[in-house]
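Contents: one structure, followed by commentary.
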Amino acid sequence: MILVCGEALVDLLVDPQGADLAARPVPGGSAFNCAVGLARLGAENGFTVGYLGGLSADVFGRWLRARLHTEGAVPASATESAHPTRIVAVSRDATGEPAYGFYGERVADLDLPADALMLRDDSPVRALVLGSFPIALEPSGDALRSLVAREAGRRLISLDPNLRPALTPPDAVWRGAFEACLAKADIVKASAADLATGYGEAHGFTARALADHAAGPALVIVTDGGNGARLHHRDFMLTVRPPQVRVVDAVGAGDSFHAAFLAALARYGPFDRAGLGACAPDAMRFPLAYAASAAALNCTRAGADPPDHASIMQHIGDAVVS
């Protein structure tokens, strides 16, 4: 099992061009999107998916829980939060990139179910996936950072900062929370935009992450929209150029990339710290192409809508890894 930890919320997809400001609610949140993306790929790639996050007892929370069950990403707890579901208004800027407005305080996504935070030794969980604002905001932050500290070295840990400055400004508090997880992570998937916002640049951060955290990430992957992605290993670097598609919007593209990359590793390996640290470049070529194709296909749809395995395989030949 791959257990995805973090936020589930409601995205309101807003069309600012319409006179009536039409908006459509869709399930969202980095962790939710990644869990759905993994679930859609799990059957073909030989794993199951769990979701650990705060889900409200309100109508939106019940909707999100039902959607997770439908997709096959089983919530790790039946506990319902008394706090409301967070609402996020999503529009597009002039370049087509998503712009976010967050609404709600004391919301369910920070209210993690305590009964699911302790993993038994015989738990089927092989990997933890986490990131975004729940690692830095309380009370979820302390719970997730403690979970990572307990499970580091026992299960694969994959981290996506998915920085949201409106909620977690890139200050010392955010960096401290992120770097506490970074020091324990085996894989880091981050967008160039997030690293530029959080650290002022991307390449220098990647070099530091690999050099300064001896027990930290074996892989650092930096995604850069239509420009593709770079995978950094201590011994090599690879780049991938995604298939060319007609972009509707980029909401959830990074989450689809993250999910597909992990799905490919779960099927073909390596899927543990030692294997990742010792892997050769060829072992990363298919996962990179698979992930880039998934992200590109997500961009052809409105909102986060990760593709299935068959769709990815139809386009993977158009992804170029070098």
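Here, each number is a calculation from the coordinates, and none is a lab measurement. It should be emphasised that the depicted structure is a prediction, and the values quoted were computed from it without experimental measurement. Glycine gets a Cβ as well: all are built from the backbone with ideal geometry, and neighbour counts include every protein chain shown.
Note: the stretch 5-48, Cα convex hull, 79 Å³ per residue.
The helix-based estimate of mean residue ellipticity at 222 nm for the chain, built from -39,500 (n - 2.57) per DSSP H run of four or more residues and divided by its residue count, is -11000 deg cm²/dmol to the nearest 500.
The residue among A229, L21, A177 whose Cα reaches farthest toward the positive pole of the charge dipole of the chain, with charges on the beta-carbon of Lys, Arg, Asp and Glu, is A229.
Which of rounded, prolate, oblate describes the stretch 9-91, given a ≥ b ≥ c as roots of the alpha-carbon gyration tensor eigenvalues and a/c under 1.5 marking rounded, otherwise prolate only if a/b is larger than b/c?
Details: a/c = 3.04, a/b = 1.49, b/c = 2.04.
In terms of gyration-tensor shape, oblate.
If you take every residue apart from S132 with its C-beta less than 14 Å away from the C-beta of S132, what net charge results, scoring Lys and Arg +1 and Asp and Glu -1? Taking every Cβ under 14 Å from that of S132, the sum is -2.
If the convex hull of the alpha-carbon atoms of the stretch 1-141 is projected onto planes in all directions, what is the mean projected area in square nanometres?
Values: hull surface 38.4 nm².
That works out to 9.6 nm², a quarter of the Cα hull's surface.
Taking the square roots of five times each eigenvalue of the Cα gyration tensor of the stretch 68-198, the equivalent ellipsoid has semi-axes of 25, 20, 15 Å, listed largest first. Candidates V320, T300, F257 compared by Cα position along the dipole of the stretch 175-322: farthest toward the positive end lies V320, with charges placed on Cβ.
Taking the radius of gyration and the Kirkwood hydrodynamic radius from Cα positions alone, what is the Rg/Rh ratio for the stretch 238-279, to two decimal places?
On the way: Rg = 13.4 Å, Rh = 12.3 Å.
Result for the stretch 238-279 is an Rg/Rh of 1.09.
Is the C-alpha gyration tensor of the stretch 204-322 telling us rounded, prolate or oblate? Criteria: a/c under 1.5 is rounded; beyond that, a/b larger than b/c is prolate, otherwise oblate. Note, shape of the stretch 204-322 comes out prolate. Full extension of the chain segment joining S123 with A193 gains 21.6 nm, where the gain is 0.36 nm per residue of separation less the Cα-Cα distance.
For the chain, taking the reciprocal of the average inverse distance between every pair of different Cα atoms yields a Kirkwood hydrodynamic radius of 19.3 Å. Each residue, A302 and V26, gets one label point 7 Å from its Cα in the Cβ direction; the gap between the two is 0.8 nm. When only alpha carbons are used to place a centre, the stretch 90-150 and the stretch 240-275 end up 19 Å from one another. Amide H contacts under 5 Å for L13: R24, V26, V90, restricted to partners 5 or more places along the chain or on a different chain, H placed in the peptide plane at 1.01 Å from N.
Between the listed residues V74, G141, P124, the Cα displaced farthest toward the positive end of the dipole of the stretch 46-168, a dipole computed from Cβ unit charges relative to the Cα centre, is found at P124. Its Cα centre serving as origin, the chain has a Cβ charge dipole (Lys and Arg +1, Asp and Glu -1) of approximately 540 debye. Other residues with beta-carbon under 14 Å from the beta-carbon of L64 carry, at +1 per Lys or Arg and -1 per Asp or Glu, a net charge of -3. Using the Karplus relation 6.51 cos²θ - 1.76 cosθ + 1.60 with θ = phi - 60°, the per-residue 3J(HN,Hα) values for the stretch 186-195 come to 9, 10, 10, 10, 9, 7, 4, 5, 5, 5 Hz, with x marking Gly and Pro.
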